[in-house]
Amino acid sequence: MRVCVATTVHHPEDARIMHRQIRALLDAGHEVTYVAPFTYYNVTPAMGVAAIDVPRNAGYGRARAALKRGLKGADLLVLHDHRLLHTLPFHHPPIVWDVREQVTARQLSRAERRHHVVTSAVVPEATLVSATPPPPGDTRVVHIGRLSLERGVSELIGLAERLVPHGIRMDLLGAADREVRPLLRDAQRVGLLDWFGYVPNRHALRMAEGALAGLALSAETGPRTPTKILDYMGRGLPVITTPHGSVAERVGCGVVVPLDVDALVNAVLDLKEDPARRVALGARGHAEARLRHHWPDHAAEFVARMERWAGVRVPAHSLAV
């Protein structure tokens, strides 16, 4: 099977796209063409994929041209950017839209009449869960993932400044939008935080282990639990998050606060002063992640579903884990 995977928004090394979905397809013996903003993020395409570079947030013409190239010989197109639904070439294979942003019920209904739609009910959000993570410590907090204004960069910097007198540092593991990079560089220069830039997901997960808490801040809501929350759970970390209606609230593995620096400071310091609570929250989240959100438990079903939607007949042995 030949699959074209496309986004003009996400980092090409996005864990869900590259390290879970594409990797599962490649491991099953399928061919993948990947349309993504490689140059914008200064990323060298991974071995094994046919890469097509596209500008981030590309306009209609350039996005459509990139898709047209990527679809040559493709049996299936997997989109991670809803705007690309409006740039489809006239002739195209079956479409899979992986819904990763907030959409209206009307948008979802219209898409489902024409295409296959992936939601968390179809392909569960997942991560790579550590078998035995260390217990959470008390000297640093961590944030994994893209850094932007809508994902709370201003609040993260404000929180970092307030935590310095308490001996708690902040580690930021993720690429940043251009408009916030100067803010992060300035904060790092004066010693408020450590910004590592983009870190491959596997390495970022290991670096996060042993932190006091994992941070997931956003002014946005959406149909899915932010993957970083599952990353923290899979590494045994308490979660400090703004309201997402997410697994963190359902499972009770962290603290839900408004997007406010004072509330964030109080949440961090409360956890610092209560090691037993930190351990209990981390253990609860880890157990839930291992039970329901360990990607290797879902990879084969994801591949099989893509094969069915592409209408490709494959040997039964290719569906084995």
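Things worth noting here:
- Sole residue being open to solvent by 20 Å² or more (accessible area, probe 1.4 Å) and either under 16 Å from the mean Cα position of the chain (by Cα) or at positive phi (or both), chosen from R110, R23, R16: R23
- For V122, the requirement of being surrounded by 18 or more Cβ atoms within 10 Å (Cβ to Cβ), under 23 Å from the mean Cα position of the chain (by Cα), within 21 Å of R308 (Cα to Cα) and among the hydrophobic types (A, V, I, L, M, F, W, C) is not met.
- At least 3 residues being open to solvent by less than 30 Å² (accessible area, probe 1.4 Å), over 20 Å from H19 (Cα atoms) and modelled with pLDDT of 95 or more is the threshold, and among the helices (runs of 4 or more DSSP H) wholly inside region 144-243 those reaching it are 153-163.
- Residues of region 247-284 classified as open to solvent by 20 Å² or more (accessible area, probe 1.4 Å), touching a Leu at 6+ places or on another chain (Cβ under 9 Å) and of a type in the set (K, R), total: 2
- Region 243-268 residues that are closer than 15 Å to L281 by Cα, paired with ones that are modelled with pLDDT of 95 or more and basic (K, R) (beta carbon under 8 Å, 6 or more apart): V251/R284; G252/R284; C253/R284
- Close pairs from region 5-17: first closer than 10 Å to Y41 by Cβ and among the basic types (K, R), partner open to solvent by 30 Å² or more (accessible area, probe 1.4 Å) and in a loop (DSSP other than H, G, I, E, B), Cβ under 6 Å, at least 6 apart: none
- In this structure, I95 does not qualify as within 21 Å of A175 (Cβ to Cβ) and either at pLDDT 90 or above or more than 21 Å from the chain's Cα centre (by Cα) (or both).
- Leading residue by the ranking (farthest from D75 (Cα to Cα)) among those in region 100-119 that are in a helix (DSSP H, G or I) and not basic (K, R): A105
- Residue match in region 298-306 (condition: among the acidic types (D, E), surrounded by fewer than 17 Cβ atoms within 10 Å (Cβ to Cβ) and not in a helix (DSSP H, G or I)): no
- Scanning region 33-49 for residues that are part of a helix (DSSP H, G or I), crowded, with 18+ Cβ neighbours inside 10 Å and touching a residue at least 12 places away in the same chain (Cβ under 8 Å) turns up nothing.
- Within the set I95, I168, the sole residue that is hydrophobic (A, V, I, L, M, F, W, C) and without any contact (Cβ under 8 Å) to a residue 60 or more places away in the chain turns out to be I95.
- Test: residue in region 65-84 that is assigned to a helix (DSSP H, G or I), out of contact with any Cys (no Cβ under 8 Å at 6 or more places or on another chain), farther than 13 Å from V5 by Cα and among the small types (G, A, S): yes
The values are calculated or read from the model by the stated rules, or taken from the named source; none is laboratory data. The structure displayed is predicted, hence computed values, not measured ones. Cβ coordinates were reconstructed from backbone atoms using ideal geometry, including for glycine residues, and neighbour counts include every protein chain displayed. Just the protein is used for accessible areas: all its heavy atoms, side chains included, with ligands, DNA and RNA removed. Shrake-Rupley method; radii C 1.70, N 1.55, O 1.52, S 1.80 Å.
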